[in-house]
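See below for the structure under consideration.
Please treat every number below as a calculation from the coordinates, not as lab data. Since the model is a prediction, treat every value here as computed from it, not as a measurement. Note: ideal-geometry Cβ built from the backbone for every residue, glycine included; neighbour counts use all protein chains shown.
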Amino acid sequence: MLATICLSVVLLQPIVASEKKAVTSSGIVMPGNWTTQKAYPVPYGNYTYATSIAADADSNAHVAFLYAPWNNTPVELVYASNSGGTWHNDTICRVPGTYWAETGIVIPSDGQARIGLANRTGVYFFEKSSGAWTSSTVDVGPVNYSTMTMLLDSHGAIRFYYQMNTTVKEALRGPAGWIQHDFLNTSSWGPVALDSAGHVHTAIATADGLVHLSNVTGVWATEMVDVGSAPREISIGFSGPPANNVTIAYIDGKEHNVKVASNSTSDWTFVIVRGGSSSDYFNGLSTAQISSTFDPKYPIQNIRLAFYSDSDLMVTSTSVDGPHYMGGGNAIEEGLTSTGPTDMASDPNGHMHLLYQNSEDGALKYATDALRVPPRPLFEEIASGYHSITLSWRWFENYGESHTFEFRVYRVNQEDSNGRWELVGTVHARGLPPYNSYSDHTYSFTQSGLRSDRSYYYSVSGVNDVGEGIRSSTLSAVPDSALSPDFIAFVVSFAAAMVLASVVIIQNRKRIKAIMRPKTPAREYHAPTGPKTTTPPDEVDKEEVVDGHPELLKKT
């Protein structure tokens with residue numbers, strides 16, 4: 001996908017962060033917050049390069065890159081992913097005797113990463129089988145610097161495009177191996193994108209400016225996009241609707257701007273995403289194309305861009321089909337002492353995945369908005385009770401999202417002129433939904449001891465590992481001052497039932513008492529007043545059975 005300094009575009013196809021930095025947006029710049037993580041630690045003096053990134057349907061990131069020790073030997077091809085919740089990596093192979101190389105990575109429908117590597121010896125393909133990485137040779141020969149693109153076509157087949165000398169070649173995988181054929185003769189070649197019909201599009205930097213080259217008509221045709229622009233770090237993709245509008249992002253080296261060009265109209269239109277001056281320097285540009293239907297809350301076609309503005313890593317968004325300026329960008333990380341290339345990918349859920357290098361310790365860094373704060377809960381009902389209020393809301397949660405573990409209930413009353421929201425309770429959320437599904441639950445909360453002469457306003461928010469989400473809409477109610485007729489009727493019915501039950505119990509107890517009278521303990525015998533005498537044994541009280549019950553009789 002992306003070479004050491006050039007870029008490419010990835011068409012649209014859960015984790016605890018080590019550190020977090022929220023990014024606020026205006027308009028429709030970015031949904032959610034951005035979270036950064038270390039994807040691969042790099043010891044001092046070593047470095048990574050030739051990075052590429054892709055994302056699967058569960059919003060997991062998959063990256064490929066070359067890892068070089070301080071003496072450059074041996075260089076290792078490494079695969080890393082955060083699938084399963086933590087970052088893990090495999091060393092695929094050693095790539096001896098080369099510094100220049102580039103990698104590519106794609107995720108077919110089976111969710112398993114396929115990796116490509118191009119260098120001065122040829123093009124190579126890697127995939128994992130039975131727990132081990134296997135390789136095959138796509139083509140042999142020196143590949144021109146920064147000309148290899150690896151992608152999936154509309155049928156899910158893997159294609160390679162690359163240039164050897166002045167010949168652009170295409171390679172496809174056949175039953176017996178890789179099939180190559182000469183595609184085009186040209187002195188310049190750039191990143192490749194395929195439209196829905198399988199036509200090839202590329203954008204090329206020439207001495208005259210930015211050029212678009214395609215075979216849509218069956219023959220290769222070129223058209224000038226931006227005359228005299230001195231373009232660099234180019235990417236190409238498509239926006240919609242319709243889906244075949246060619247969209248090119250690049251850095252205009254002459255005007256010192258980050259720009260987007262599109263042929264969505266009869267002519268090319270331009271958006272200046274980030275304007276600069278001769279003293280400003282932009283580099284490391286990467287982009288990702290997003291389907292216009294990825295999120296109903298963000299319906300306008302968005303093009304996400306990442307780039308360095310001097311020492312700050314910026315992420316921003318623009319649209320060629322809606323507003324033509326979406327702001328200058330938000331800083332993911334600031335004050336970087338070195339600014340290498342970036343790679344960006346999108347997943348089918350509309351989340352962004354960004355790969356870059358941390359200048360402080362050399363670590364390969366990863367940023368994503370896939371770990372988003374929860375959206376607004378959907379209020380269903382608010383009901384008044386006797387000096388109490390009960391509210392209920394519905395909650396939908398998809399598998400693979402950062403799990404919402406708690407809801408916070410806020411309240412403000414009518415008499416509070418400052419409108420200060422007070423946290424009055426929390427409700428624990430249910431467990432994660434099952435694999436590849438979503439959950440739909442209703443939650444409720446009741447607050448008692450409220451006054452009946454004022455209105456109370458309530459709002460609810462969800463909380464997950466990223467943070468607290470946006471609060472719901474506000475609902476209000478006034479507690480009842482008297483018991484409801486239904487409740488009174490219930491109490492009366494209950495009391496009547498209890499009285500009847502008590503009468504029955506009392507009657508039964510009397511009957512039981514009459515049937516089973518307890519044994520009376522023997523009374524102490526006292527002699528008549530006078531001199532003390534000894535009572536003969538045969539004159540002590542004796543028991544006699546009367547009607548089957550023992551009675552104590554005193555002998556007279």
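The table below gives the values:
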| read-out | value |
| --- | --- |
| Proximal charge balance of Asn165 [Cβ under 14 Å; K/R count +1, D/E count -1] | 0 |
| With 10 Å bins from 0: P(r) over segment 114-251, alpha-carbon pairs, percent | 11, 40, 34, 13, 2, 0 |
| Sequence ranges 154-162, 187-195, 253-261, 83-91, ranked by mean other-Cβ count within 10 angstrom, highest first | 187-195, 253-261, 154-162, 83-91 |
| Order by protection proxy (mean Cβ within 10 Å, highest first), peptides 377-389, 201-213 | 201-213, 377-389 |
| Ranked packing of 57-64, 468-475, most packed first, by mean Cβ within 10 Å | 57-64, 468-475 |
| Local net charge near Asp56, Cβ-Cβ under 13 Å (Lys/Arg +1, Asp/Glu -1) | -2 |
